[in-house]
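Notes to accompany the following structure.
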(Lines give C-alpha, C1' and ligand atoms only; values in the text may rest on other atoms or scores of the structure.)
Protein backbone atom coordinates (compact mmCIF):
# COMPACT_ATOMS: atom_id res chain seq x y z
CA UNK A 1 0.00 0.00 0.00
CA UNK A 2 2.82 2.37 0.71
CA UNK A 3 6.36 2.47 1.94
CA UNK A 4 8.08 3.92 4.97
CA UNK A 5 10.55 6.66 4.10
CA UNK A 6 12.53 9.20 6.05
CA UNK A 7 11.64 12.82 5.49
CA UNK A 8 14.22 15.24 4.13
CA UNK A 9 15.05 16.41 7.64
CA UNK A 10 15.96 12.86 8.58
CA UNK A 11 14.08 13.03 11.88
CA UNK A 12 10.57 12.04 10.86
CA UNK A 13 9.27 8.81 9.42
CA UNK A 14 6.21 9.16 7.24
CA UNK A 15 3.97 6.80 5.39
CA UNK A 16 3.70 7.82 1.77
CA UNK A 17 0.76 6.55 -0.23
CA UNK A 18 1.05 6.57 -3.98
CA UNK A 19 3.40 8.63 -6.11
CA UNK A 20 4.55 12.04 -5.04
CA UNK A 21 3.18 11.70 -1.54
CA UNK A 22 -0.45 12.02 -2.63
CA UNK A 23 -3.01 9.88 -0.85
CA UNK A 24 -4.25 7.02 -3.06
CA UNK A 25 -7.44 5.44 -1.73
CA UNK A 26 -7.37 1.72 -2.52
CA UNK A 27 -10.43 0.12 -4.10
CA UNK A 28 -12.11 -2.40 -1.85
CA UNK A 29 -11.03 -5.98 -2.32
CA UNK A 30 -14.09 -8.02 -3.20
CA UNK A 31 -14.40 -11.76 -3.60
CA UNK A 32 -16.97 -14.52 -3.45
CA UNK A 33 -16.15 -17.29 -0.99
CA UNK A 34 -17.74 -20.70 -1.55
CA UNK A 35 -19.34 -21.97 1.66
CA UNK A 36 -21.60 -24.95 1.08
CA UNK A 37 -23.56 -27.20 -1.31
CA UNK A 38 -27.27 -27.63 -0.62
CA UNK A 39 -30.63 -27.49 -2.41
CA UNK A 40 -33.63 -25.18 -2.55
CA UNK A 41 -36.34 -26.33 -0.14
CA UNK A 42 -40.07 -25.81 -0.67
CA UNK A 43 -40.15 -25.52 -4.46
CA UNK A 44 -43.29 -27.69 -4.61
CA UNK A 45 -45.12 -24.98 -2.63
CA UNK A 46 -44.20 -22.22 -5.08
CA UNK A 47 -47.12 -21.39 -7.36
CA UNK A 48 -46.12 -21.59 -11.04
CA UNK A 49 -42.79 -23.34 -10.44
CA UNK A 50 -43.34 -25.49 -13.57
CA UNK A 51 -43.57 -22.34 -15.72
CA UNK A 52 -40.58 -20.79 -13.97
CA UNK A 53 -38.32 -23.84 -14.38
CA UNK A 54 -37.26 -23.18 -18.03
CA UNK A 55 -36.05 -19.70 -16.98
CA UNK A 56 -33.75 -21.05 -14.26
CA UNK A 57 -30.36 -21.90 -15.70
CA UNK A 58 -27.16 -23.47 -14.42
CA UNK A 59 -24.91 -20.81 -12.82
CA UNK A 60 -27.77 -18.29 -12.42
CA UNK A 61 -27.30 -16.13 -9.34
CA UNK A 62 -29.97 -16.48 -6.64
CA UNK A 63 -30.45 -13.85 -3.94
CA UNK A 64 -30.98 -14.59 -0.24
CA UNK A 65 -33.34 -12.62 2.01
CA UNK A 66 -33.91 -13.16 5.71
CA UNK A 67 -37.47 -13.84 6.85
CA UNK A 68 -37.24 -13.65 10.68
CA UNK A 69 -41.04 -13.41 11.07
CA UNK A 70 -41.62 -16.76 9.32
CA UNK A 71 -44.11 -18.67 11.52
CA UNK A 72 -42.37 -22.02 10.85
CA UNK A 73 -38.73 -21.00 11.20
CA UNK A 74 -37.33 -17.79 12.73
CA UNK A 75 -34.03 -18.45 10.89
CA UNK A 76 -35.74 -18.73 7.47
CA UNK A 77 -33.92 -17.49 4.37
CA UNK A 78 -35.97 -16.92 1.22
CA UNK A 79 -34.31 -17.61 -2.13
CA UNK A 80 -35.29 -15.45 -5.12
CA UNK A 81 -34.15 -15.38 -8.73
CA UNK A 82 -32.67 -12.28 -10.41
CA UNK A 83 -36.20 -11.03 -11.20
CA UNK A 84 -37.16 -11.17 -7.52
CA UNK A 85 -39.41 -14.23 -7.88
CA UNK A 86 -39.41 -16.50 -4.84
CA UNK A 87 -38.32 -20.03 -5.69
CA UNK A 88 -38.00 -21.49 -2.18
CA UNK A 89 -35.92 -21.47 0.98
CA UNK A 90 -32.55 -22.52 2.31
CA UNK A 91 -33.27 -25.88 4.03
CA UNK A 92 -33.98 -25.50 7.74
CA UNK A 93 -31.15 -27.90 8.59
CA UNK A 94 -28.68 -25.60 6.80
CA UNK A 95 -29.83 -22.10 7.73
CA UNK A 96 -28.64 -21.60 11.33
CA UNK A 97 -25.15 -20.34 10.48
CA UNK A 98 -26.25 -18.62 7.25
CA UNK A 99 -28.96 -16.65 9.08
CA UNK A 100 -26.44 -15.54 11.73
CA UNK A 101 -24.06 -14.34 9.02
CA UNK A 102 -26.86 -12.44 7.28
CA UNK A 103 -28.07 -10.94 10.56
CA UNK A 104 -24.50 -9.69 11.08
CA UNK A 105 -24.69 -7.87 7.75
CA UNK A 106 -22.95 -10.37 5.51
CA UNK A 107 -24.15 -10.79 1.93
CA UNK A 108 -24.91 -14.38 0.96
CA UNK A 109 -26.12 -15.66 -2.40
CA UNK A 110 -26.20 -18.88 -4.39
CA UNK A 111 -25.59 -20.14 -7.89
CA UNK A 112 -27.62 -22.94 -9.46
CA UNK A 113 -25.48 -26.09 -9.75
CA UNK A 114 -28.15 -28.38 -11.24
CA UNK A 115 -31.91 -28.73 -11.58
CA UNK A 116 -34.33 -31.54 -12.32
CA UNK A 117 -38.12 -31.86 -12.34
CA UNK A 118 -39.17 -34.88 -10.27
CA UNK A 119 -42.96 -35.06 -10.61
CA UNK A 120 -44.30 -31.73 -9.35
CA UNK A 121 -41.11 -31.09 -7.37
CA UNK A 122 -38.30 -29.09 -8.91
CA UNK A 123 -35.02 -30.12 -7.31
CA UNK A 124 -32.52 -27.26 -7.54
CA UNK A 125 -29.02 -27.92 -6.21
CA UNK A 126 -27.17 -24.75 -5.28
CA UNK A 127 -23.74 -23.56 -4.20
CA UNK A 128 -23.85 -20.97 -1.42
CA UNK A 129 -21.35 -18.08 -1.41
CA UNK A 130 -20.38 -15.27 0.92
CA UNK A 131 -19.66 -12.01 -0.92
CA UNK A 132 -16.86 -10.17 0.84
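For every residue, the table says whether it meets (1) under 24 Å from residue 31 (Cα atoms); (2) in a strand (DSSP E or B); (3) touching a residue at least 60 places away in the same chain (Cβ under 8 Å).
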residue	(1), (2), (3)
54	no, no, no
57	yes, no, no
72	no, no, no
87	no, yes, no
95	yes, no, no
105	yes, no, no
117	no, yes, yes
122	no, yes, yes
126	yes, yes, yes
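So which residues in region 75-120 are within 21 Å of residue 50 (Cα to Cα), surrounded by 13 or more Cβ atoms within 10 Å (Cβ to Cβ) and more than 13 Å from the chain's Cα centre (by Cα), if there are any at all? Lay out the reasoning, then the answer.
If we filter region 75-120 for residues that are within 21 Å of residue 50 (Cα to Cα), which is where we start, we get 78-91, 110-120.
Going one step further and asking which of them are surrounded by 13 or more Cβ atoms within 10 Å (Cβ to Cβ), we end up with 78-81, 85-91, 110-113, 115.
Across region 75-120, the qualifying residues are 85, 86, 87, 88, 89, 91, 113, 115.
So, residue 50, is that one surrounded by 10 or more Cβ atoms within 10 Å (Cβ to Cβ), modelled with pLDDT under 95 and either out of contact with any helix residue (DSSP H, G or I) (no Cβ under 6 Å at 6 or more places or on another chain) or at positive phi (or both) or not?
Working: surrounded by 10 or more Cβ atoms within 10 Å (Cβ to Cβ): yes; modelled with pLDDT under 95: yes; either out of contact with any helix residue (DSSP H, G or I) (no Cβ under 6 Å at 6 or more places or on another chain) or at positive phi (or both): yes.
Taking the combined requirement at face value, the residue satisfies it.
Kindly list the number of the only condition in (1) surrounded by 11 or more Cβ atoms within 10 Å (Cβ to Cβ); (2) within 15 Å of the chain's Cα centre (by Cα); (3) at pLDDT 95 or above that fails for residue 125.
It fails just one condition, (2).
Which numbered condition in (1) in a helix (DSSP H, G or I); (2) surrounded by fewer than 14 Cβ atoms within 10 Å (Cβ to Cβ); (3) at pLDDT below 95 is the only one that residue 28 fails?
With (1) in a helix (DSSP H, G or I); (2) surrounded by fewer than 14 Cβ atoms within 10 Å (Cβ to Cβ); (3) at pLDDT below 95 applied to residue 28, the lone miss is (1).
The values are calculated or read from the model by the stated rules, or taken from the named source; none is laboratory data. Because the structure is a prediction, the values reported are computed rather than measured. With ideal geometry, Cβ positions are generated from the backbone for all residues, glycine too; neighbour counts draw on all protein chains shown.
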